[in-house]
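To start, the structure under review is shown below, and the notes come after it.
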Amino acid sequence: ETGVTQTPRHLVMGMTNKKSLKCEQHLGHNAMYWYKQSAKKPLELMFVYNFKEQTENNSVPSRFSPECPNSSHLFLHLHTLQPEDSALYLCASSQTTSDRVNGYTFGSGTRLTVV
Amino acid sequence: LAKTTQPISMDSYEGQEVNITCSHNNIATNDYITWYQQFPSQGPRFIIQGYKTKVTNEVASLFIPADRKSSTLSLPRVSLSDTAVYYCLVGGSGGSYIPTFGRGTSLIVHP
């Protein structure tokens, strides 16, 4: 356990479904991130939150909607996804977005399959 | 962001020392060098970070030459459980530090 918990670990959803991914950290961090990792591809940054404020949206389609109610929780709401959205979705946290000393802590990810 | 180049894959055997070199010719003065390890279907895990010379922790050593245009991650006496993808990241100057991951080096340790 890394201190960053993601649920569910696996999710299969149809293209018309609505689902949410949850990320929780109790490390006292103030920055949280969503990354997408497709098969045999590098990690792609999706969203960044620093002190609950979204600071970066990396041109992510609107069918992905993030929510950060507090510094400890991060959600990714999914609706009308496409099969190409199937991937491992990773949440990470750091002290702040300026924290370069201690690195990131990642969760174990949610393996999403869109059918 | 400084671009990094590292080998796509490496093979080794149990008990050997593995050195993975990363090139970062455009590293900025205040950039740090950070290495992560990722197992299949898991998130990357922070291994080690350095700015110059040598850094050592319980997992690995990081060697950085004086010009800082490259760095070498050294894993002593690898085991099968060290089979993973290793990422070299460079950044940290300029206030906001959001690492960009490349393709990494896929290390396979054989019995």
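The values are calculated or read from the model by the stated rules, or taken from the named source; none is laboratory data. Since the structure is predicted, the reported quantities are computational estimates derived from the model, not experimental observations. Backbone-built Cβ (ideal geometry, glycine too); neighbour counts: all protein chains shown. Ligands, DNA and RNA are stripped out before the accessible areas are found, and what is left, the full protein with its side chains, is counted by its heavy atoms. Shrake-Rupley method; radii C 1.70, N 1.55, O 1.52, S 1.80 Å.
Below is a table of values for the structure above.
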read-out	value
Accessible-area composition of chain A, carbon plus sulfur, in percent [1.4 Å probe]	48
Residue-normalised accessible area of chain A, given per residue in Å² at a 1.4 Å probe	47
Chain A shape via C-alpha gyration tensor axes, a/c threshold 1.5	prolate
Mean accessible surface per residue for chain B, computed with a 1.4 Å probe while every protein chain stays in place, in Å²	49
Cα→Cβ-extended label distance, 7 Å offset, between A:H10 and B:F63, nm	4.3
Relative counts (whole %) of C-alpha pair distances in the protein assembly as shown, using bins that are 5 Å wide	1, 7, 14, 18, 18, 16, 12, 8, 4, 1, 0, 0
Rounded percent of accessible protein surface that carbon and sulfur make up, chain B, 1.4 Å probe	51
Occluded residues from region A:72-115, i.e. those whose accessible area drops by 50 Å² or more once the chain is not alone (1.4 Å probe)	A:T97, A:R100, A:Y104, A:F106
Net charge, B:H110 excluded, C-beta distance under 13 Å - Lys, Arg +1, Asp, Glu -1	-3
Accessible area buried at the B-A interface, both sides summed, 1.4 Å probe (Å², nearest 100)	1700
Local net charge near A:Y89, Cβ-Cβ under 15 Å (Lys/Arg +1, Asp/Glu -1)	+2
Residues losing 40 Å² or more accessible surface upon assembly, region B:49-65, compared with the chain by itself, 1.4 Å	B:Q49
Antiparallel DSSP beta bridges within the protein assembly as shown, as percent of all bridges there, nearest 5	90
Total formal charge among the other residues, if their Cβ is under 11 angstrom from that of A:F75, Lys/Arg +1 and Asp/Glu -1	0
Whole-angstrom gap from region A:65-115 to region B:49-80, using each part's C-alpha centre	29
Residue among B:S106, B:C22, B:P40 farthest towards the positive dipole end of chain B, charges placed on Cβ	B:C22
